[in-house]
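Undergrad: I have a structure I would like to understand better, so I am pasting it below and will then ask my questions one at a time.
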Amino acid sequence: MSATLSPIKLTHGTILSDEVYSCIGAAILDGRLRPGQRLRDVDLAAELGISRTPVREALQRLERGRKRTKAFPATARAKQASCPPGDEAMTRRRGG
């Protein structure tokens with residue numbers, strides 16, 4: 001996986017898995033992570049400069065929101081996605 005994500009920088013009062021969810025979700029929506037691209041938690045964690053746990057939590061949340069499809073426990077594939085209604089974090093990222 002080529003470097004498509006920037007390291008996460010937390011501000012006071014933010015939850016890391018929420019930031020990771022927004023970051024990965026935005027990368028799927030804007031095409032930095034292409035549909036069908038393999039998403040490995042270890043690779044994403046290295047790109048973001050964080051541990052795998054918040055990445056796994058974010059991927060599970062994205063799976064529930066259908067922005068990714070489950071492949072194997074530590075991998076996933078990006079899915080063509082749009083921002084679901086009511087997903088305020090993703091709407092803010094898209095500028096809506």
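The values are calculated or read from the model by the stated rules, or taken from the named source; none is laboratory data. This structure is a prediction, so every number in the text was calculated from the model and none was measured. Backbone-built Cβ (ideal geometry, glycine too); neighbour counts: all protein chains shown.
Undergrad: Which condition does residue 90 not pass, out of (1) of a type in the set (A, V, I, L, M); (2) outside any loop (DSSP other than H, G, I, E, B); (3) at pLDDT 50 or above, if it passes all the others?
TA: Condition (3) is where residue 90 drops out.
Undergrad: Do the conditions hold for residue 6, that is, is it in a loop (DSSP other than H, G, I, E, B), more than 11 Å from the chain's Cα centre (by Cα), surrounded by fewer than 17 Cβ atoms within 10 Å (Cβ to Cβ) and modelled with pLDDT under 80?
TA: On the way: in a loop (DSSP other than H, G, I, E, B): yes; more than 11 Å from the chain's Cα centre (by Cα): yes; surrounded by fewer than 17 Cβ atoms within 10 Å (Cβ to Cβ): yes; modelled with pLDDT under 80: no.
So residue 6 fails the test.
Undergrad: Going by the structure shown, is residue 68 modelled with pLDDT under 90, surrounded by 14 or more Cβ atoms within 10 Å (Cβ to Cβ), among the basic types (Lys, Arg) and on the phi < 0 side of the Ramachandran plot? Break it down stepwise before answering.
TA: Numbers: modelled with pLDDT under 90: yes; surrounded by 14 or more Cβ atoms within 10 Å (Cβ to Cβ): yes; among the basic types (Lys, Arg): yes; on the phi < 0 side of the Ramachandran plot: yes.
Criteria met by residue 68.
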